[in-house]
Amino acid sequence: KYLLWQAKRADDKTVRQAEWLQAREILSELMRRRGDWAVIPLALADLEEQELQEALKQNSVKEEEIKAKEETIIGLYQQAIKLGRRSSAIVRHTAQLLLKNGRSSDALELLMNNGELKLAKEFAFEKGDFQRAEQIAREAIAAKPDDFQERLWLVQILLNDKRPDEARNELRKAV
């Protein structure tokens, strides 16, 4: 991680590449020895993102190479999440990368499975996936039956899904 930190701040491209190489060697050895440490795929993802940013600055990368690199980064973040690193920042960043690469259902699933229900609900609503948004809203209401805001959110979803009678009933329950 220190090498990656140094590489991020290095002005000289040669120094940056040498630090990336050394970091990759160390991380590969650690992965071989302790593949169950979540910090390793996180560090590898950081390394891959730094290399991608460098390539983008140099305009030396093709669109398909960008997509392939981003898919590698997504895989590393998903591995870290499976190994227990479920911070909101990591989950959200992974979801953003999934969205950027056209994998909206995977992004929504990731958000739902990692406790980011509010964000998942908003995302499904924005994408017009009212069925999924309703499912998430109903789960939230089941967890907190007296929460007015959750029920109001369900009313909005039902109205946008052109189901005014159900929305009216939910609004009555909320009141």
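Go through the residues of the range 83-99 one by one and say whether even a single one is loosely packed, with under 14 Cβ neighbours inside 10 Å, free of Cβ contacts under 8 Å to residues at least 40 places away in the same chain and over 30 Å from GLN149 (Cβ atoms). No, because not a single residue in the range 83-99 is loosely packed, with under 14 Cβ neighbours inside 10 Å, free of Cβ contacts under 8 Å to residues at least 40 places away in the same chain and over 30 Å from GLN149 (Cβ atoms).
What are the residues in the range 4-21 that are open to solvent by 60 Å² or more (accessible area, probe 1.4 Å) and of a type outside the set (Lys, Arg), if any? Quick ask: steps written out before the conclusion?
If we filter the range 4-21 for residues that are open to solvent by 60 Å² or more (accessible area, probe 1.4 Å), which is where we start, we get 5, 8-9, 11-15, 17, 21.
Of everything in the range 4-21, those that are open to solvent by 60 Å² or more (accessible area, probe 1.4 Å) and of a type outside the set (Lys, Arg) turn out to be TRP5, ASP11, ASP12, THR14, VAL15, GLN17, LEU21.
From the list LYS144, LYS173, LYS121, LYS127, the one residue that fits, being more than 18 Å from LEU108 (Cβ to Cβ) and within 28 Å of the chain's Cα centre (by Cα), is LYS144. So, of the residues in the range 67-81 that are β-branched (Val, Ile, Thr) and surrounded by fewer than 21 Cβ atoms within 10 Å (Cβ to Cβ), which turns out to be nearest to LEU44 (Cα to Cα)? In this case the residue turns out to be THR72. Inspection of the range 116-124 identifies no residue that is crowded, with 20+ Cβ neighbours inside 10 Å, at pLDDT 85 or above, touching a helix residue (DSSP H, G or I) at 6+ places or on another chain (Cβ under 6 Å) and basic (Lys, Arg). If you go through the range 22-47 and keep only what is of a type in the set (Lys, Arg), part of a helix (DSSP H, G or I) and surrounded by fewer than 12 Cβ atoms within 10 Å (Cβ to Cβ), you end up with ARG32, ARG33.
The values are calculated or read from the model by the stated rules, or taken from the named source; none is laboratory data. Quick caveat: nothing in here was measured; it's all calculated off a predicted structure. Note that we place each Cβ from the backbone using ideal geometry, even for glycine, and neighbour counts take in every protein chain shown. For the accessible areas, the whole protein counts, side chains as well, though only heavy atoms, and no ligand, DNA or RNA atoms are used. Shrake-Rupley method; radii C 1.70, N 1.55, O 1.52, S 1.80 Å.
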